[in-house]
Structures are given as C-alpha cells and as structure tokens.
Amino acid sequence: MEHAFTPLEPLLPDGNLKYCLVILNQPLDKSFRHLWSKALLRACADGGANRLYDVTGGERESFLPEFINGDFDSIRPEVRDYYAAKGCELICTPDQDHTDFTKCLEVLQKKVKDKDLQVDVIVTLGGLAGRFDQIMASVSTLFHAARITCSPVIVIQEESLICLLQPGRHRLHVDTGLEGDWCGLIPVGQPCHQVTTTGLKWNLTNHTLSFGTLVSTSNTYDGSGVVTVETDRPLLWTMAIKN
C-alpha cells in the first residue's frame, strides 16, 4: 500500500487537509495565524502557552486553545491564570519519562476520539530550534507518535519541516510552490537497510542509510513534483520551506 501525502498542504490558503495544531515552547513564526485559523483543535504544550500569549497581545480572546497540558514547569503564572479564567482546559501531566510534546499528543488523540473527528495530519509548531537535546526530543516524539495516533505528525519551524515515514512506500507531493531547495532522509535510531527513492536529484536504490556510512542530507528535487520513498525502517523526512 502506498501512502500519498503533501507535507506542505496545511500551509496553503486553499489546502483541504483536516488537521489539529500543537504549539510548543519555541518562537512562533509567520505561518502561525494561518494554521490556527483552519485547525480543528488547538493545543499548547506547557510553555507553548507563553508563546501564544505573547504574540497575541490585544487579541488574545480570539486565540484560546482547547487545552494546555504539561508538568507546568514552564508556563508563567499570569499566563496560566489568564487561560484558566477564559475557560481553557489545563491538564497536568507530570510524567517525567515523556516530553510535554508526547503527552500533548496523547491528550489530543483522546479528544479527537471523543469528538469523533476526522484528522488527516497533526501540525506542530516549534521544536526545531534552540537546544539540540530538545530538538532530538522532538524527533523522539515522532517515534512515540506512531503508537499514539494513526495520523501523520509534522513539525514545522522557520524554514524546516520534519516527519517520520513509517516502513512501506510513500508518495510525497512537493509541487505546492512552498518547497525550498533542499530535502533529506535521515535514519534516526537504527539503520534503514533498504531505501529506494524517485524524484530526487540523488536517488537511492536499495541503499542502506545509517550514521557512519550514508545519510541523505542536502539533497534536492528533480523537478517532477513527486518524491517516492520506500523504506524498511522508520525514516525521517526533512525539507525546506520557502521563506
């Protein structure tokens, strides 16, 4: 079975994907308002509420998340009090074995199920800048996401997008006009022993990707507008977003 997907479709004004939005504790960029306006559900993971609060001054009542969750070690007291007073649900998830991002996906998936929503993708803002250990925690959450939700999870920040391709065959449409110049396939956690692609400038044919041997970074497209990827192990796809 081939999985077809347009990673940047949520950023299109006329995109048709149904998605939920998760905000992490990182600066929000210009795509925030567009993504917020079309999301089915909106959530903040702990300090992500600070970011939302700070960028919506003067119009905060138009940007109220359905819930905020986390261990609440990052959310500022005045931010927590504001959203609580406005009726936003605050859900304490103190588990220290998982990130607030992972726990947010668990809560979100429960709400999607309870509301019987049809969700094509979960869009996450933040998680790809600042501390390297936190960036890797975002990548780790994509691996956890496979057991939490059947919807793909994409992470967007500034000029970068990442998502985890599960074993199988994938058809990625990269013809929205929002794609930047570079893309890559990164084998995180374990080698991928059989990776075959089309649509890239430097394609792979039953190649093994692993750290210390071959990693497909700084790749680009062949102009066809479609990239296919077949992999035997979970494989991280990353791509540039045009400024």
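The values are calculated or read from the model by the stated rules, or taken from the named source; none is laboratory data. These figures come from a predicted structure and were not determined experimentally. Heads up, the Cβs are rebuilt from the backbone with ideal geometry, glycines too, and the neighbour counts pull from every protein chain shown. The area values use the complete protein model at the heavy-atom level, side chains included, leaving out ligands, DNA and RNA. Shrake-Rupley method; radii C 1.70, N 1.55, O 1.52, S 1.80 Å.
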Could you please find all residues in the range 32-48 being part of a helix (DSSP H, G or I), of a type outside the set (A, V, I, L, M, F, W, C) and open to solvent by less than 10 Å² (accessible area, probe 1.4 Å)? 48
So, in the range 96-149, of the ones that are free of Cβ contacts under 8 Å to residues at least 12 places away in the same chain and assigned to a loop (DSSP other than H, G, I, E, B), which residue ends up nearest to residue 29 (Cα to Cα)? 131
Looking only at the range 221-243, count how many residues are under 16 Å from residue 181 (Cβ atoms) and under 21 Å from the mean Cα position of the chain (by Cα). 8
Tell me the residue from 231, 205 that is surrounded by 15 or more Cβ atoms within 10 Å (Cβ to Cβ) and modelled with pLDDT of 95 or more, please. 231
Checking residue 92 against (1) touching a helix residue (DSSP H, G or I) at 6+ places or on another chain (Cβ under 9 Å); (2) modelled with pLDDT under 95; (3) open to solvent by 10 Å² or more (accessible area, probe 1.4 Å), which test does it fail? (1)
Name the residues in the range 165-202 that are open to solvent by less than 70 Å² (accessible area, probe 1.4 Å), farther than 14 Å from residue 228 by Cα and not small (Gly, Ala, Ser), would you? 176, 178, 179, 186, 187, 188, 191, 192
Suppose the filter is within 22 Å of residue 93 (Cα to Cα), under 13 Å from the mean Cα position of the chain (by Cα), open to solvent by less than 50 Å² (accessible area, probe 1.4 Å) and not hydroxyl-bearing (Ser, Thr, Tyr); does residue 112 pass it? no
Count - residues of the range 62-89 that are open to solvent by 80 Å² or more (accessible area, probe 1.4 Å) and closer than 19 Å to residue 35 by Cβ: 1
Taking the range 95-108, which residues are at pLDDT 95 or above and open to solvent by 50 Å² or more (accessible area, probe 1.4 Å)? 106
The residue from 28, 12 that alone is closer than 25 Å to residue 100 by Cα and either hydrophobic (A, V, I, L, M, F, W, C) or within 14 Å of the chain's Cα centre (by Cα) (or both) is 28
If you take just the strands (runs of 3 or more DSSP E) that sit entirely in the range 160-241, which of them hold at least 2 residues that are under 28 Å from residue 129 (Cβ atoms) and not hydroxyl-bearing (Ser, Thr, Tyr)? 160-165, 168-173, 179-186, 192-198, 226-231, 235-241
